[in-house]
Amino acid sequence: MSHHRIPLEFAASFEKLRPALEQAQEHVHSRLFGCLEELNPVAIQMRIKAPFSTYEKIQKGGYGELREIEDLVAARAIFLHPSHVRQAVELVNDSFPVVSSKNDEVAKPYEFQYRQPHLVLTLPEEYLKRHRSLHWVRCEVQFTTYIQHALQESVHDVIYKGHRFSWQAHRLDGRLRGLLEIVDSVLENMENVVEIEEEPGYELFDKRNEIIEQCREIWSSDDLPTDLRRFAITIEQLLRIADAAPGDLLEFASRNQDIVQAIPLNAIDKVIGILLRERSVQMRNRIKDRKILVSTELESFLSREHMLPDGNRFKTSS
């Protein structure tokens, strides 16, 4: 398009550098992923600066040649929480030669503009020994949270690449950044935040929590699933079919210790087996058209009188 035209000699110079930029981009991405993997980044995005954006940048007068520009190769590392951002900056500092940094100082308490930390890097010395021609390449790495990244993507074209300057747009950006900074902090500290107010009584959750507590008394944490919420919902449904209450689990388990301690069975299988022994009549009467998987391992603990009809058993093969 005409408004993105650049001088032919500039375009030619840029394209001569592209293979080196692509090679550097590939190495930086791989090395960033390796050094940040322990923090489980949401994404590590890479880009080579567009020729027209590069042309606009040099026309501001701060550079003597293309190779001096520090963000021809750029990366953005995105994380769930602010503490991961701080840790990532330290890890990258240890993994790359750092030329300079931006936005790494503590912000003024009343400022909420864009302040995500940046590092400008060179390629590691051991890599440059094998690729001397890339000694000039710099890469700018930005670090941000998922929420701040979403905001940046949403406002970037409106604020930084719009058709006019807008006080309202900049003001809204600052207000949103302040709000999202609070959200970032709350999300990272959810376990502490939810304890600020007293937990109200809520019958549905109280019953499910009772199931979790009962099962914790019966089995060790190693015998229970890691997702206890989903586990409790499954057991709740089984108890409903058996016309039993959460408080019945302890008593039922005490009479069926062979199933409780059965190594081949998982916790859900054990509850199913215990309920089939204790409430088989109720389960057959109330199960309607539902189907439950009774594993081969569980069958060995049950007599025929405790089994569900074939029509109510989930089949693992046709």
Item to check | All positions within the range 205-240 that are over 21 Å from Pro264 (Cα atoms), open to solvent by 100 Å² or more (accessible area, probe 1.4 Å) and acidic (Asp, Glu) | outcome: Glu213
Next on the checklist: Can you find, within the range 246-276, the residue that is farthest from Trp219 (Cα to Cα) among those that are among the small types (Gly, Ala, Ser) and open to solvent by less than 20 Å² (accessible area, probe 1.4 Å)?
Outcome noted: Gly273
Checklist entry - Would you say Glu111 is farther than 21 Å from Ala74 by Cβ, within 26 Å of the chain's Cα centre (by Cα) and among the charged types (D, E, K, R)? => result no
Item to check | Selection status of Asp243, open to solvent by 60 Å² or more (accessible area, probe 1.4 Å), assigned to a loop (DSSP other than H, G, I, E, B), at pLDDT 95 or above and of a type outside the set (A, V, I, L, M) | outcome: yes
Checklist outcome for this item: Pro19: passes all of (1) of a type outside the set (A, V, I, L, M); (2) more than 21 Å from Tyr127 (Cβ to Cβ); (3) in a helix (DSSP H, G or I) but (2)
Checklist entry - Restricting attention to the range 93-103, does a residue exist that is open to solvent by 50 Å² or more (accessible area, probe 1.4 Å), more than 17 Å from the chain's Cα centre (by Cα) and closer than 20 Å to His149 by Cα? => result yes
Checklist entry - Between a first residue in the range 200-221 that is in contact (Cβ under 8 Å) with a residue 40 or more places away in the chain and a second residue that is hydroxyl-bearing (Ser, Thr, Tyr), which pairs have beta carbons less than 9 Å apart while being 6 or more apart in sequence or on different chains? => result Ile218/Ser254
Item to check | Residue list for the range 73-87, restricted to those being in contact with a Ser or Thr (Cβ under 7 Å, 6 or more places away or on another chain) and either among the aromatic types (Phe, Trp, Tyr) or part of a helix (DSSP H, G or I) (or both) | outcome: Phe79, Pro82, Val85
Next on the checklist: Checking Asp289 against (1) more than 23 Å from Arg208 (Cα to Cα); (2) in contact with an Asp or Glu (Cβ under 8 Å, 6 or more places away or on another chain); (3) loosely packed, with under 15 Cβ neighbours inside 10 Å, only one condition comes out false. Which one?
Outcome noted: (2)
Next on the checklist: Give me the residue from the range 117-156 that is loosely packed, with under 14 Cβ neighbours inside 10 Å and closer than 24 Å to Val85 by Cα and, out of that set, modelled with the highest pLDDT.
Outcome noted: Ala150
Checklist entry - Taking the stated definitions as given, is Glu199 outside any loop (DSSP other than H, G, I, E, B) and exposed (fewer than 11 other Cβ atoms within 10 Å of the Cβ)? => result no
Next on the checklist: So, in the range 37-56, exactly how many residues are without any contact (Cβ under 8 Å) to a residue 40 or more places away in the chain, part of a helix (DSSP H, G or I) and either among the small types (Gly, Ala, Ser) or open to solvent by less than 40 Å² (accessible area, probe 1.4 Å) (or both)?
Outcome noted: 1
Next on the checklist: Looking at the range 23-36, can you tell me whether even one residue there is touching a strand residue (DSSP E or B) at 6+ places or on another chain (Cβ under 7 Å), closer than 16 Å to Ile69 by Cα and in a helix (DSSP H, G or I)?
Outcome noted: yes
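The values are calculated or read from the model by the stated rules, or taken from the named source; none is laboratory data. What you see is a predicted model; the values in this text were computed from it and never measured. All Cβ positions, even for glycine, are placed from backbone atoms using ideal geometry, and neighbour counts span all protein chains on display. These accessible areas exclude ligands, DNA and RNA; they are computed on the full protein's heavy atoms, side chains included. Shrake-Rupley method; radii C 1.70, N 1.55, O 1.52, S 1.80 Å.
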